[in-house]
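For reference, the structure discussed in these notes is given below.
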Amino acid sequence: MTQAEPTATGASASQRGADDPIRVAILGARGRMGAQATEAVGAASGMEVVAAVDASDALTEVSGAGAEVLVDFTHPDAVMDNLRFAVEQNIHAVVGTSGFTEERLDTLREWLRPKPELGVLIAPNFALGAVLAMRFAQQAARFYESAEIIELHHNRKADAPSGTAAHTARLIAQARAEAGLEPGADATTSEMDGARGASVDGVRVHSVRLPGLVAHEEVLFGGEGETLTIRHDSMDRSSFMPGVLLGVRSVPRRPGLTVGLENVLDL
Ligand SMILES: NC(=O)C1=CN([C@@H]2O[C@H](COP(=O)(O)OP(=O)(O)OC[C@H]3O[C@@H](n4cnc5c(N)ncnc54)[C@H](OP(=O)(O)O)[C@@H]3O)[C@@H](O)[C@H]2O)C=CC1
Ligand SMILES: O=C(O)C1=N[C@H](C(=O)O)C[C@H](O)C1
């Protein structure tokens, strides 16, 4: 047997040699993303799928299979229970599932505190272009008082606004606050409920749901006599797979909570 790597994971994981594949469990494996992730991890070098679990399966399959990294593409209502299980079982986690509020992130940080070697990566979007678009929006934010987000998704999506839009809004709000820029006001005082979208950290987010779409986002900035539009389109879920594989490879070496693939890409 080759030399074991230092790892936060349990007995079976600690037996992994440096050249052995990373043992990965996929949660939500029969869903749109989980099915593609199962295929992508299975085909990638340096990792293998040891458990593919869906809603009707027992989570204990994951620990029983000696998984070192769990990939979660389930449902906002299920993901926190899955993560509590992962942390209890000393399994690193790569999370694509949406629905993360600041409160949920704080809970996760608490769970991770006694496990300093364990890594959890929450990626609101795994597509390279989406991560770049969010970074560009963050860069633009300090120059424009006014910004709004339109996110457009397929009509099977469970939640609104999208995790990507919520993360983008938070990055814009953070950049504005750091620059001491107050968000601009508009003159709309009379409105039908929902017409101006949801306010996420003071940024208006509008959600469109249509069959035929996959995952799309526009960030609009307005200034004196000009607008700037940053748009990203995922036309196929294959766009998310390189990011998922990068997450699986990097999370065992990133202890603690990481929010956003931009941190792994070092953008
Ligand atoms: N970060 C990113 O880049 C991306 C993130 N997403 C996010 O990923 C999540 C999943 O999306 P998508 O694949 O389209 O959704 P799907 O509904 O197609 O898939 C979710 C799957 O998870 C299963 N599931 C539900 N609860 C559990 C549980 N407790 N344990 C195991 N499996 C469970 C569902 O089973 P059942 O149907 O029986 O309930 C279903 O098979 C969403 O939150 C979405 O926003 C999506 C695309 C990209
Ligand atoms: O449900 C989806 O499809 C997607 N969900 C994520 C989100 O909520 O941002 C990522 C991507 O937009 C696709």
Discussion item. Return the pair list, or none, for Cβ contacts closer than 9 Å from residues in segment 30-45 that are more than 21 Å from K157 (Cβ to Cβ) to residues that are among the charged types (D, E, K, R), at least 6 apart or on different chains.
Written reply: V41/E48; G42/E48; A44/R249
Discussion item. Would you confirm, using the coordinates I've provided, whether A40 is open to solvent by less than 50 Å² (accessible area, probe 1.4 Å), farther than 18 Å from V244 by Cα, within 16 Å of ligand 2 (Cβ to nearest atom) and of a type outside the set (V, I, T)?
Written reply: no
Worksheet, complete the sentence: Among the residues of segment 1-32, the number that are modelled with pLDDT under 50 and assigned to a helix (DSSP H, G or I) is 2
Discussion item. Could you tell me how many of the residues in segment 77-131 are among the charged types (D, E, K, R) and touching a strand residue (DSSP E or B) at 6+ places or on another chain (Cβ under 7 Å)?
Written reply: 1
Discussion item. Kindly evaluate A137 against the criterion of being within 16 Å of ligand 2 (Cβ to nearest atom) and surrounded by 16 or more Cβ atoms within 10 Å (Cβ to Cβ).
Written reply: yes
Item to complete: Just give me the residues in segment 110-124 being open to solvent by less than 10 Å² (accessible area, probe 1.4 Å), in a loop (DSSP other than H, G, I, E, B) and farther than 19 Å from H75 by Cβ, in sequence order.
Response: L118
Item to complete: Within segment 81-109, track down each residue that is closer than 26 Å to P161 by Cβ, open to solvent by 30 Å² or more (accessible area, probe 1.4 Å) and more than 10 Å from ligand 1 (Cβ to nearest atom).
Response: R84, T101, E102, E103, R104, D106, T107, R109
Practice prompt. Say whether the condition of being more than 16 Å from ligand 2 (Cβ to nearest atom) and part of a helix (DSSP H, G or I) is met by at least one residue in segment 87-98.
Written response: yes
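The values are calculated or read from the model by the stated rules, or taken from the named source; none is laboratory data. Note that this is a predicted model, so its numbers are computed, not measured. So basically every Cβ, Gly included, is an ideal-geometry build from the backbone, and we count neighbours across all protein chains shown. Note: areas computed on protein heavy atoms with side chains; ligands, DNA, RNA excluded. Shrake-Rupley method; radii C 1.70, N 1.55, O 1.52, S 1.80 Å.
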